[in-house]
Amino acid sequence: MILEFRDVGKRFYKGAAEILALKNASFSIAEGEFVSVLGPSGCGKSTLLNLAAGLSPPSYGTVLYRNEPVTKINTRVGYITQRDNLLEWASTYENIVLGLRIRGTPKARIRELADKFLAMTGLTDFANHFPAELSGGMRKRVAMARTLIYSPELVMMDEPFSALDAHVKMLMHEELLRIWETDRKTILFITHDLAEAITLSDRVVVMSARPGQVKLEVPINLPRPRDPFLIHTSPDFIRLYEKLWDALKEDIRRGDNV
Ligand code: ADP
Ligand code: MG
């Protein structure tokens, strides 16, 4: 297993109030797997990623990365956070190569990698644009390129496409699947969109409302390569959608969005 959450709990304190964000959450991800975590707002999805990234420790339980407890910042994972955090004053190119510059990668190698990842994410013609001049989908592609360029073993994506309209989202799914099918990185993807989870994943982990617990794990045995524009009509897709919706629906009213 590349990543394993074992009976993980996480409490937050706000003044005297205690919030239990996660409760006995357990699941794991194998090398090369594409796993989505689906759950209502506030159920602790982002908290899970922060634990895996070593940004904060669990209150109890263990987070294991390649069988070792995560005790400090986990530099082997790439983390595409819920907000894209692009540097507004830097071009697409500069945003993408910043991490490599910090790591001291040689200039020629930076150039070579940047060209490759700009092309892979369809941003070659926008290399000199600033984030404010890009569409929402393009900004997400910059955030993806910026993370993928340093070749993390595990890529964690926190609701990366939730702000995009339905059609742009499908284009992004197409793009992400194409990239994933070429280099088969391990992906831990967070979403509250059922169709998105089914379209992309090998397995979907459904969380309950806060305190987040793993409620159900569903393998997605749809054949690959998948076509995000057509997959919705297959009877297997519909069957999986109903199964996931059944698990999720009762927790949505208990989520933090009402
Ligand atoms: P999700 O990503 O599933 O929407 P989060 O993991 O962001 O949920 O948050 C889970 C719960 O923990 C929420 O109730 C949130 O308000 C709370 N929470 C998250 N981070 C903090 C924090 N740093 N301090 C206090 N409460 C937090
Ligand atoms: Mg979140």
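The values are calculated or read from the model by the stated rules, or taken from the named source; none is laboratory data. This is a predicted model, so every value here is computed, not measured. We place every Cβ from the backbone using ideal geometry, glycine too, and count neighbours over all the protein chains shown. Quick note on the areas: whole protein, heavy atoms, side chains included, nothing else; ligands and nucleic acids left out. Shrake-Rupley method; radii C 1.70, N 1.55, O 1.52, S 1.80 Å.
Annotations
- Of all residues in segment 93-135, those satisfying the criterion of being among the small types (Gly, Ala, Ser), surrounded by 14 or more Cβ atoms within 10 Å (Cβ to Cβ) and at pLDDT 95 or above are ALA114, ALA127.
- Members of segment 156-171 found to be open to solvent by less than 10 Å² (accessible area, probe 1.4 Å) and in contact with a helix residue (DSSP H, G or I) (Cβ under 6 Å, 6 or more places away or on another chain), listed by number: MET156, ASP158, PRO160, PHE161
- Residue pairs meeting the criteria (Cβ under 6 Å; at least 6 apart or on separate chains; first of a type in the set (Ser, Thr, Tyr), in segment 147-160; second outside any loop (DSSP other than H, G, I, E, B) and modelled with pLDDT of 90 or more): THR147/GLY78; THR147/ILE80
- For ILE29, the criteria (1) away from ligand 1 (no atom under 16 Å from the Cβ); (2) open to solvent by less than 10 Å² (accessible area, probe 1.4 Å); (3) touching a helix residue (DSSP H, G or I) at 6+ places or on another chain (Cβ under 8 Å) hold in every case but one, which is (3).
- The C-beta contact set for segment 87-107 (first residue closer than 15 Å to TYR150 by Cβ, second residue open to solvent by 30 Å² or more (accessible area, probe 1.4 Å) and in a loop (DSSP other than H, G, I, E, B), distance under 6 angstrom, 6+ apart or interchain) comprises ASN95/LEU87; GLY99/TYR150.
- Pick from segment 5-19, criterion touching a Phe, Trp or Tyr at 6+ places or on another chain (Cβ under 8 Å) and modelled with pLDDT of 95 or more, ranking: most open to solvent (accessible area, probe 1.4 Å): ASP7
- Any hit, segment 206-224, residues being within 25 Å of GLY122 (Cβ to Cβ), of a type outside the set (Gly, Ala, Ser) and open to solvent by 30 Å² or more (accessible area, probe 1.4 Å): yes
- Candidate set from segment 34-69 (those that are open to solvent by 40 Å² or more (accessible area, probe 1.4 Å) and either touching a residue at least 60 places away in the same chain (Cβ under 8 Å) or under 17 Å from the mean Cα position of the chain (by Cα) (or both)); member that is nearest to ligand 2 (Cβ to nearest atom): SER41
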